[in-house]
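Notes for the one structure printed next.
The values are calculated or read from the model by the stated rules, or taken from the named source; none is laboratory data. Note that the structure is a prediction, hence the values are computed from the model and not measured. Glycine gets a Cβ as well: all are built from the backbone with ideal geometry, and neighbour counts include every protein chain shown.
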Amino acid sequence: MQTLLFTDCGITYDGHQLTPHWIYRRFDLLGDAVVAFIGPCRVELSEMVDLEDVKDNAPIYSPEMLHLIAEFFSGDLHLAVYRQRLLIVTAKELLETLTMRRVTRKGDDLYLDRGDGRPGKLSVSIATTSATSTLIHTGFNVHTEGTPVPTVGLHELGIDVASFATTLLARFASELNSIWDARCKVRAVAE
């Protein structure tokens, strides 16, 4: 993993950030990178990448989320989805450590009991491709007032958002680097 950044500048995620070179244009970080920021989330159907959500007429809204945008310049959509799932599993492990509660993963979404026996959706995530790269957006609810589905947020879980973001970025990068090391340390075998 080349570059990681957590920025405290507030940015509203509306789907336009999931474009090639957005990280480079906004933060001057060239190459593979992951940027985390806090801000509202409002993705209208016209900007949505997940066609299932579009078909279900399910726009995304949260008053405040921790957003991660990742861009990779190697691999295809298949590999991007693997990277996305690795990010989600890494977040699940970290959340379970911080909250001492069971977090449920369904595909690329995380859920946590809201205290009333019902699951609250904690995250949204999507992976896609562009002509030059693959891109991932993952958002974790911080506050949940007005969300269109039952949700749970990092604030009500007592999680420090900045600390969670920097730890998650570091752990995700460590996993990616470890995979690369595992790839490089083996010798080829002959038939």
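Points to keep in mind about this one:
- Failed condition for Thr129, given (1) touching a Leu at 6+ places or on another chain (Cβ under 6 Å); (2) closer than 17 Å to Leu168 by Cα: (2)
- Test for Asp8: is it out of contact with any Asp or Glu (no Cβ under 9 Å at 6 or more places or on another chain), at pLDDT 90 or above and either farther than 21 Å from Asp108 by Cβ or of a type in the set (Phe, Trp, Tyr) (or both): no
- Among all residues of region 112-129, there is none that is more than 14 Å from the chain's Cα centre (by Cα), part of a helix (DSSP H, G or I) and modelled with pLDDT of 95 or more.
- Screening Glu156 with (1) surrounded by 12 or more Cβ atoms within 10 Å (Cβ to Cβ); (2) in contact (Cβ under 8 Å) with a residue 24 or more places away in the chain; (3) assigned to a loop (DSSP other than H, G, I, E, B) gives one miss only, at (2).
- Any hit, region 132-148, residues being more than 16 Å from the chain's Cα centre (by Cα) and either closer than 30 Å to Asp76 by Cβ or surrounded by 23 or more Cβ atoms within 10 Å (Cβ to Cβ) (or both): yes
- For Leu176, the criteria (1) closer than 21 Å to Tyr61 by Cα; (2) out of contact with any Pro (no Cβ under 9 Å at 6 or more places or on another chain); (3) among the hydrophobic types (A, V, I, L, M, F, W, C) hold in every case but one, which is (1).
- Every listed requirement among (1) over 27 Å from Gln17 (Cα atoms); (2) part of a helix (DSSP H, G or I); (3) not hydroxyl-bearing (Ser, Thr, Tyr) is met by Ala190 save one, (2).
- Residue within region 56-67 that is over 21 Å from Tyr111 (Cα atoms) and within 15 Å of the chain's Cα centre (by Cα) present: no
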